[in-house]
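Each remark here refers to the structure printed beneath this line.
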Amino acid sequence: MRLHTTLERIGEFTSKYFVLWVVIAAPLALYAPDLFTPIAPYITPLLGIVMLGMGLTLTPDDFRRIVARPRDVAVGALAQWLLMPTIAYVLVVALGLPWEIGLGLILVGAAPGGTASNVMTYLGRGDVALSVSITTVTTIAAPVVMPAWIVLLAGESISVTFAEMAESIVQVVLVPVIGGLALRYVLDRRAPVVAKAGLSVFPAISVVAIVAIVAAVVGLNVETILGAGALVFLAVVLHNGLGLGSGYAVGRATGMAEDRSRACAFEVGLQNSGLAVALATAHFSAGAALIPALFSVWHNVSGPALATLFTHLDDDERVEDVDATIASD
């Protein structure tokens, strides 16, 4: 019991200050890239570990929710699949990004939802069950949807095929997620104490893995970051901001409740940038991994900021309700 509590505290502490670790690691990688570039060959296995952790958080109930609320799940998934790749392509053209770097923005746009969206939905008092359901659907569909968008938008400028990208996504995402789901199922029934310990420690492991990935990509792209930093960062901020805003707007426009609209905002705006980094390094170039790495940093700043805004709005509304009640009395 004491070990479980300790692991839980470690996991909570590491996750709580996730943004801090990323903000420390990225500049450090700029200053001393040689410390982090040796991590590069392990980017794909590290992402697989993160996806295994995501699978461990899933239960059969999550899939039952998909059946129970197909409309909102479909709206959220379609919004992500259609909006983010389109916004990415428009920004690449409008900002005149070099194609090698712009490809990274398209990779982010075509990626499925990331686990950060589930955490931010929880912090922002959104519908967590809907968020998990949309993340699950977009992740499972990623081997088809993601390569399709990349081939459609960048087909003439890439040599990698749809099948090669689909195979990579299956290996890096689908297999670990399904493995984590199966492991959770077995442990819940055979060794529930071990299952609880795993759920407690895996957030910390995931955070370490993601921070290592970001640091490695920043270390590999020091010259590119210093040479095209402002424009690239603007593309990341606009892409993320437009995704969050349009996701929320779609939720409201389709009649979702406030908590579900918030979930939709985070699902559309917060992508699995780690997968984009892995695909970029495996099939394209270090330059293509730059924007996904920066996205990993930025969306862990913008996500908590929006979640905080939502909670403040709720608190202000409660104060107004109390004041109105007192005035009516």
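The values are calculated or read from the model by the stated rules, or taken from the named source; none is laboratory data. Just so it is clear, the model here is predicted, and its values are computed rather than measured. FYI the Cβ positions are ideal-geometry reconstructions off the backbone, even for glycines, and counts take in every protein chain you see. These area figures cover heavy atoms from the full protein model, side chains too; ligands, DNA and RNA do not enter into them. Shrake-Rupley method; radii C 1.70, N 1.55, O 1.52, S 1.80 Å.
Listed values, structure above:
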{"item": "Those residues of the range 264-278 which are of a type in the set (A, V, I, L, M, F, W, C) and closer than 22 Å to residue 237 by Cβ, in sequence order", "result": "264, 265, 266, 268, 270, 275, 276, 277"}
{"item": "Residue match in the range 232-255 (condition: free of Cβ contacts under 8 Å to residues at least 24 places away in the same chain, of a type in the set (Phe, Trp, Tyr) and more than 16 Å from residue 44 (Cα to Cα))", "result": "yes"}
{"item": "In the range 56-84, the residues that are part of a helix (DSSP H, G or I), open to solvent by less than 50 Å² (accessible area, probe 1.4 Å) and within 14 Å of residue 134 (Cα to Cα)", "result": "62, 66, 72, 73, 74, 75, 76, 77, 79, 80"}
{"item": "Scope the range 24-36; condition open to solvent by less than 40 Å² (accessible area, probe 1.4 Å) and in a helix (DSSP H, G or I); matching residues", "result": "25, 26, 29, 33"}
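Residues checked against (1) at pLDDT below 80; (2) farther than 30 Å from residue 311 by Cβ; (3) aromatic (Phe, Trp, Tyr); (4) open to solvent by less than 30 Å² (accessible area, probe 1.4 Å):
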{"position": "143", "(1), (2), (3), (4)": "no, yes, no, yes"}
{"position": "163", "(1), (2), (3), (4)": "no, yes, no, no"}
{"position": "178", "(1), (2), (3), (4)": "no, yes, no, no"}
{"position": "203", "(1), (2), (3), (4)": "yes, no, no, no"}
{"position": "208", "(1), (2), (3), (4)": "no, no, no, no"}
